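S.K.: Before I ask anything, let me first share the structure, which is written out below as structure tokens.
The values are calculated or read from the model by the stated rules, or taken from the named source; none is laboratory data. Nothing here was measured: the structure is a model prediction, and the numbers come from that model. Every residue, glycine among them, receives a Cβ derived from its backbone with ideal geometry; neighbour counts consider all protein chains shown. Surface areas here come from the heavy atoms of the whole protein model, side chains and all, with no ligands, DNA or RNA. Shrake-Rupley method; radii C 1.70, N 1.55, O 1.52, S 1.80 Å.
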Amino acid sequence: MKPETLAIHASNLVKSTTGDVTPPINLSTTFFRDEHGGYPGGHMYSRVSNPNRSALENTVAKLEYGEDAAAFSSGNTAGMSLFQALKAGSHIIAPDDMYWGFKKQLLTIFADVLEFDFIDQTDLELVKASIKPNTRLIWIETPSNPLLKVTDITEIGKIAKAANITFACDSTFASPILQNPILLGADLVMHSSTKYLGGHSDILGGILVTAKKDELWEKIKNVQQTGGAVPSPFDCFLLTRSIKTLAYRIKGHCENGKKIADYLNDHPNVEAVFYPGLESHPQHLIAKKQMKDFGGMMSFLVKGDVETASKVVNKVKLFAQATSLGGVESLIEHRYSVEGPDSKTPKNLLRISVGLEHVDDIIADLAQALG
């Protein structure tokens, strides 16, 4: 089935005794055993599994063409479960502009446990040269946050396979509708389901999908089930409901995104626009090869200094000045002030998540803010 159909029907795992068309919310934390000590409903305890979580995991696994999925309480815990599953002393090759939450995890929580290098992964020769005898994971993020760099998934996959290294891709910006890393050679794909999967800025969550159920996956599932950083049944219910409209929301984000990128690209007070759909983007051809469309995320450099960027971000009226992304409302953020003084993000960069408002209204708001 096509993604539009899977998104609607893959969550219908539970056959309700009352004949619900929409799967109900299962709030029970524990489930009946039978006379032999088994669990006829397939669930024992809600930390280990829950009907709503199983429905969510099945849906996203199918959308990403994976064998299995594991849902977590946030995107950060989804990524962290993979880092926790690695043996102490393992080396990770990560992007130089890695999402700051994951980078902070490595630099603080895992500083004495794992080794890591943050490199420009658009340079394939540098990726090859960065492999060490103890390299166990190549983690990429494409498009990246906030610079919208695009990494060649297929080529990184070849490098990882040749060296017998696990290859994981953070595909949050693209969503399963625009990009399927497993089909391009990735072993694991991660989404912050808070973003496009949820789509309404009201659910916190993360999910990992695996290409195959192997030993590493069993370790990840153990971290999920024994560690217990799992989403609530209600959050899982909301996510499966939101995913039903994902394909059509993404179409709207892409349509608006292209028009906003073109508008900003021609604006006299904009120094540069980072959007994979622009032919001027340095990895435009790679994005065109591995993505079905280019999404609604972009960032741009305001002509001027940090004060100029701050004035723009404080003048918008329709845009919400807030962190996160992927919601129906347009968001704008000065990333440097969020990431702090150690950030490598340009001080005059603004990141925007283009929402589903009428594009003319979005442009009008940017026009008055930019002057």
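S.K.: Only one residue in 230, 189, 223 is under 28 Å from residue 48 (Cβ atoms) and touching a Cys at 6+ places or on another chain (Cβ under 7 Å), so which one is that?
M.R.: Numbers: 230 fails: touching a Cys at 6+ places or on another chain (Cβ under 7 Å); 223 fails: touching a Cys at 6+ places or on another chain (Cβ under 7 Å).
Of 230, 189, 223, the one residue that is under 28 Å from residue 48 (Cβ atoms) and touching a Cys at 6+ places or on another chain (Cβ under 7 Å) is 189.
S.K.: Among residues belonging to the range 262-309 that are in contact with a Lys or Arg (Cβ under 6 Å, 6 or more places away or on another chain) and in a loop (DSSP other than H, G, I, E, B), point out the one that is surrounded by the fewest Cβ atoms within 10 Å (Cβ to Cβ).
M.R.: 269
S.K.: In the list 61, 129, 71, 55, which residue meets the criterion of being closer than 27 Å to residue 235 by Cα, small (Gly, Ala, Ser) and more than 15 Å from the chain's Cα centre (by Cα)?
M.R.: 55
S.K.: Mind listing just one residue for me: the one in the range 141-165 that is in contact with a Pro (Cβ under 6 Å, 6 or more places away or on another chain) and among the β-branched types (Val, Ile, Thr) and, of those, nearest to residue 286 (Cα to Cα)?
M.R.: 150
S.K.: Give the range 98-118 a look and list any residue that's open to solvent by 20 Å² or more (accessible area, probe 1.4 Å) and in contact with a strand residue (DSSP E or B) (Cβ under 8 Å, 6 or more places away or on another chain), or say none. Steps first, please.
M.R.: Residues of the range 98-118 open to solvent by 20 Å² or more (accessible area, probe 1.4 Å): 99-100, 103-104, 107-109, 111-113, 115-118.
Result: 99, 103, 115, 116, 117, 118.
S.K.: Any residue that is within 28 Å of residue 167 (Cα to Cα), within 19 Å of the chain's Cα centre (by Cα), part of a helix (DSSP H, G or I) and modelled with pLDDT of 95 or more - is there at least one of those in the range 201-216?
M.R.: Here is the first cut: in the range 201-216, the ones within 28 Å of residue 167 (Cα to Cα) are 203-216.
Among the residues that remain, those that are also within 19 Å of the chain's Cα centre (by Cα) are: 203-211.
Still in the list and also part of a helix (DSSP H, G or I): none.
No, the range 201-216 contains no residue that is within 28 Å of residue 167 (Cα to Cα), within 19 Å of the chain's Cα centre (by Cα), part of a helix (DSSP H, G or I) and modelled with pLDDT of 95 or more.
S.K.: Are there any pairs, at least 6 apart or on different chains, whose C-beta atoms fall under 7 Å, with the first in the range 323-345 and among the hydrophobic types (A, V, I, L, M, F, W, C) and the second open to solvent by 20 Å² or more (accessible area, probe 1.4 Å) and not in a loop (DSSP other than H, G, I, E, B), and if so, which?
M.R.: Qualifying pairs under 7 Å: 331/320; 332/321.
S.K.: Got at least one residue in the range 350-360 being in a helix (DSSP H, G or I), modelled with pLDDT of 95 or more and either farther than 15 Å from residue 269 by Cβ or open to solvent by 20 Å² or more (accessible area, probe 1.4 Å) (or both)?
M.R.: Yes - at least one qualifying residue is present in the range 350-360.
S.K.: For residues that are open to solvent by 10 Å² or more (accessible area, probe 1.4 Å) and more than 15 Å from residue 359 (Cβ to Cβ), scanning just the range 317-330, find the one that is nearest to the chain's Cα centre (by Cα).
M.R.: Checking each candidate, the answer is 324.
S.K.: Assess whether residue 340 counts as being loosely packed, with under 15 Cβ neighbours inside 10 Å, small (Gly, Ala, Ser) and within 28 Å of residue 96 (Cα to Cα).
M.R.: So residue 340 passes the test.
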